[in-house]
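See below for the structure under consideration.
Where a number appears in this text, it was derived from the coordinates with a stated rule and is not lab data. Please read all numbers here as calculations on a predicted model, not as lab measurements. In this analysis, Cβ positions are derived from the backbone assuming ideal geometry, glycine residues included, and neighbour counts consider all displayed protein chains.
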Amino acid sequence: MPRILIGIDDTDNDTSIGTGRLARQLAGQCQERGMPVTGVTRHQFLVDPAIPYTSHNSGACIIIDADADVAAAAFAFEYIAERSAGGSDPGVCIASADQVSGDLLDFGGAASREVLTMEQAFSLGARAGVCLRGLGGTCQGVIGALASAGQCAGGNEGRFLDLPGLRLLHGCVRRRQFEEMGIRVEHRTDSVNPGEDDRYETLDWVRPRLIGGKAVLIVEWSGPRNAWIPVDKKRSHPSR
């Protein structure tokens, strides 16, 4: 279990950078402050007319693997407040490992299926003892911020926006490069057996899924490319 999780949501508008990119920038600041970041994850929530969102209704979570207390990460509140886009409704949740309760895990899972409320988020946050703050606008982002931390802690919902070295992968690589980064490769195939010398085409966009608390890259065989390619492809939104 990581020591600290920082969930953020609803920091953008139609013309700004997305919450995912802002989360990666925040992760960089954590690194500079001596808090090792082991990953940044994206978390998908229910898309419903009753829920206001900018593009895909997703939040993000920064995973910090450090023997530090929540106070060390508290700078994130001011950092996100100053950089959130005009008209956004940002929220930030900072939770230590010992604050991740079953209720918090359930809240994260429910966010992908149900319409949740700010009252539910603040009530749960208070019971769990996590630091949950709305930072502007309606503060609606506290729902996704808390849910991002819950899904990330649950370990089976989301995908990695970043890992150490992830965004340096380009072109074709060998499987060992993924494995050295802590990414498990899962082959989706009924007819092609993976070989040690196989090529893996990154398509310049590798975003492993969060499965069992680990980064898992699901690939399929492409005959035209003579290589394995990621099952998950890049979406059109440039800011994630």
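General remarks:
- Partnerless cysteines in the chain, where a partner means another cysteine C-beta under 4.7 angstrom, comprise C30, C93, C131, C139, C172.
- Helix 19-32 and the long axis of the chain differ in direction by around 90°, with both axes built from C-alpha atoms.
- All Cα pairs of the stretch 12-152, percent lying beyond 20 Å: 41 percent
- The chain - Kirkwood radius from inverse mean 1/r over Cα pairs (Å): 18.2 Å
- Rounded to the nearest 20 debye, dipole of the chain from Cβ charges on Lys, Arg, Asp, Glu: 540 debye
- Average Cα contact separation per residue, the chain, under 8 Å, 6 or more apart, as relative contact order %: 22 percent
- The stretch 128-240 - share of DSSP beta bridges that are antiparallel (%, nearest 5): 60 percent
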